[in-house]
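Structure first, commentary second.
The values are calculated or read from the model by the stated rules, or taken from the named source; none is laboratory data. Being a predicted model, the structure only gives us computed values, none of them experimental. All Cβ positions, even for glycine, are placed from backbone atoms using ideal geometry, and neighbour counts span all protein chains on display. When the accessible area is computed, the model is the full protein with side chains, heavy atoms only, and any ligands, DNA or RNA have been set aside. Shrake-Rupley method; radii C 1.70, N 1.55, O 1.52, S 1.80 Å.
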Amino acid sequence: MYDRYSRSAVRKGWQTLSQVGTLMSSNPRLPFGACCTAVACLIAVACGRTPPPGQPVPADERVVSRPLEIYRDLGMMAGPPQFPVVASYSTIAGPADSSFVFVSLSMPSSALRFERGRDGFTAEYSVSLKFLQDSAVVQRLDDRQRVVVGTFAETGRVDESVLYQNAIALKPGRYVVELQTADAHSSRGFASTDTVDIPAYGP
């Protein structure tokens, strides 16, 4: 809410500045310093403006400045700022006495290195997943994905624009999870170890 009100006020300030420029072009004797001072004050007030009473104000600056730490606080796997992958797990009933574990990954396009191709710009990344019990690998997943975007601007997106999901059937129990994911055309990557409890859903 704070940003919305600030941006609106700043936008009005720049609109006013544009109007001042038009006014000065038709009135050369108008004092330039006075006009700029007025507009500068308007923009300064806009940047320091607080939301109206009753509107929420962000209490935790980490939501904006350190989003990866927020993901970790929520129990997810999160990579470094150079490769900001976020991973999470969920379970549903599976075949017979097994359960499905859904593995979900998300990352911004800017985490990958794209190359120009016939279809646009192409990048690739790999996903390696191991489920272990008593140090023995019970289930393993190795995958490689290709990402294609149509314009160069899309390669620099910083939102969660690349999504990956896969499902693995496992018997109920506690597992150690080893996750590795990496960009295929650079040294960027992420590796993490966690535990996951898979419940028994029954018939």
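Do we have residue 154 as closer than 22 Å to residue 67 by Cα and in contact with a strand residue (DSSP E or B) (Cβ under 9 Å, 6 or more places away or on another chain) here? Taking the combined requirement at face value, the residue satisfies it. Scanning segment 57-88 for residues being open to solvent by less than 60 Å² (accessible area, probe 1.4 Å), modelled with pLDDT of 85 or more and in a loop (DSSP other than H, G, I, E, B) gives a total of 5.
Against the test of being open to solvent by 80 Å² or more (accessible area, probe 1.4 Å) and more than 25 Å from residue 71 (Cβ to Cβ), the options 172, 203 yield a single qualifying residue, 203. In the condition set (1) open to solvent by less than 60 Å² (accessible area, probe 1.4 Å); (2) farther than 27 Å from residue 202 by Cα; (3) not aliphatic (A, V, I, L, M), residue 98 is compliant with all but (2).
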